[in-house]
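Heads up: the structure comes next, in structure tokens.
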Amino acid sequence: MKIFKKVLLIVFLFLMIIASGLFGMSFYAYSEAKERLPIDEMYTAVKESVTTYTEYEDIDDDLIDAFVAVEDRRFFTRTGIDFIALGRAIFTNLISGSMQEGGSTITQQLIKNTYFSYDRNLIEKLAEYFFIYDVEEAYSKYEILEMYINTVNYGDGNFNVYDACHNYFDKDTDDLSVYEASLLAGIPNSPANYQLSNDNPNTYKRQTHVLEAMLEEGYITKSEYDEAIALQP
């Protein structure tokens, strides 16, 4: 029994050392990234980095609703980390034995797009959490959504919402249908797979998932859902 307790103590101390190390390295990554681009300069930097940047009021309501519904349904009511989504993601990944869900909020995804690389490592992933409250304190939900929608990858070389709308649908960013908005909002989850040039059936499965989320959240009616589904090839 004493040996068992000693083993548990050693394991506990070992895990604490690892956790402390990860905390220190991720905080350093956060501090270094924030020094490169201070939080209060983030909006200006993002806006200047996108030639065809689109203001919030010029983004179609259905596209905004689609992104919130599928990526972060508690976005407007939550502050900071979404512990519910994070817990669900951990549970789903443990059950499936693979990374099925990331648990990232829209704010986290914006931080990733702005401060870190797409193929970020564990340290950078953890560093995102230090940024969340800074960003949500400095900017309104509308500004965060605006920056996010302007910086996600829509596939086929479209790295902002203006280009995606014009190249895919030949439309302005405020003139999308529910079908187009739900299709567009599904692509950033896996741009290489879901980009429209692939004509991949999974693109429309992802769109259906977006539409179901919009329906569940009350952003669209059942008839609008049925009309959009009917347009799928």
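The values are calculated or read from the model by the stated rules, or taken from the named source; none is laboratory data. Here the structure is a predicted model, which is why all the values come from computation and not from measurement. Backbone-built Cβ (ideal geometry, glycine too); neighbour counts: all protein chains shown.
Criterion first (within 15 Å of D62 (Cα to Cα), in contact (Cβ under 8 Å) with a residue 40 or more places away in the chain and surrounded by 12 or more Cβ atoms within 10 Å (Cβ to Cβ)) does E224 satisfy it?
yes
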- Any hit, the stretch 120-130, residues being within 20 Å of Y53 (Cα to Cα) and charged (D, E, K, R): no
- Item | Complete set of residues in the stretch 112-124 that are touching a helix residue (DSSP H, G or I) at 6+ places or on another chain (Cβ under 7 Å) and outside any helix (DSSP H, G or I) | F116, R120
- Message: Looking for something assigned to a helix (DSSP H, G or I), in contact with a helix residue (DSSP H, G or I) (Cβ under 8 Å, 6 or more places away or on another chain) and more than 23 Å from T79 (Cβ to Cβ) - is there at least one such residue anywhere in the stretch 136-152?
- Response: no
- Only residues that are of a type in the set (F, W, Y), over 18 Å from the mean Cα position of the chain (by Cα) and either in a helix (DSSP H, G or I) or closer than 24 Å to Y225 by Cα (or both): list them for the stretch 27-69, please. F27, Y28, Y30
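Okay, residues lined up against (1) β-branched (V, I, T); (2) within 16 Å of the chain's Cα centre (by Cα):
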site	(1), (2)
E124	no, yes
D156	no, no
N200	no, no
T208	yes, no
L215	no, no
E227	no, no
- Task: Please identify the pairs in which a residue from the stretch 29-42 that is over 12 Å from I123 (Cβ atoms) and acidic (D, E) has its Cβ atom under 7 Å from the Cβ atom of a residue that is modelled with pLDDT of 95 or more and part of a helix (DSSP H, G or I), counting only partners at least 6 apart or on another chain.
- Result: D40/A138
- Task: Starting from the stretch 200-215, keep only residues that are under 12 Å from L183 (Cα atoms), then list their pairs with residues that are part of a helix (DSSP H, G or I) and among the aromatic types (F, W, Y) whose Cβ atoms are within a distance under 6 Å, requiring at least 6 positions of separation or different chains.
- Result: T203/Y194; R206/Y194; L211/Y225
- Query: For E35, all conditions in the list (1) surrounded by 10 or more Cβ atoms within 10 Å (Cβ to Cβ); (2) at pLDDT 95 or above hold save one; what is the number of the exception?
  - Reply: (1)
- Just one listed residue, out of E224, E212, is of a type in the set (D, E, K, R) and either farther than 23 Å from T105 by Cβ or at pLDDT below 95 (or both), and it is E224
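Output the residue which, of all residues in the stretch 153-163 that are among the aromatic types (F, W, Y) and outside any helix (DSSP H, G or I), is surrounded by the most Cβ atoms within 10 Å (Cβ to Cβ). It would help to see each step written out before you state the result.
Of all residues in the stretch 153-163, those among the aromatic types (F, W, Y) come to 154, 159, 162.
Next, only the ones that are outside any helix (DSSP H, G or I) stay: 154, 159.
Values: Y154: 24, F159: 18.
Within the stretch 153-163, the match that is surrounded by the most Cβ atoms within 10 Å (Cβ to Cβ) is Y154.
Being in contact with a helix residue (DSSP H, G or I) (Cβ under 7 Å, 6 or more places away or on another chain), part of a helix (DSSP H, G or I), among the aliphatic types (A, V, I, L, M) and more than 17 Å from Q109 (Cα to Cα) narrows it down to one residue among A127, A192, A181, A185; which is it?
Values: A127 fails: more than 17 Å from Q109 (Cα to Cα); A192 fails: in contact with a helix residue (DSSP H, G or I) (Cβ under 7 Å, 6 or more places away or on another chain); A185 fails: more than 17 Å from Q109 (Cα to Cα).
Exactly one of A127, A192, A181, A185 is in contact with a helix residue (DSSP H, G or I) (Cβ under 7 Å, 6 or more places away or on another chain), part of a helix (DSSP H, G or I), among the aliphatic types (A, V, I, L, M) and more than 17 Å from Q109 (Cα to Cα), namely A181.
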- Task: May I ask you to say which residue of S197, S104 is at pLDDT below 95 and either surrounded by 22 or more Cβ atoms within 10 Å (Cβ to Cβ) or small (G, A, S) (or both)?
- Result: S104
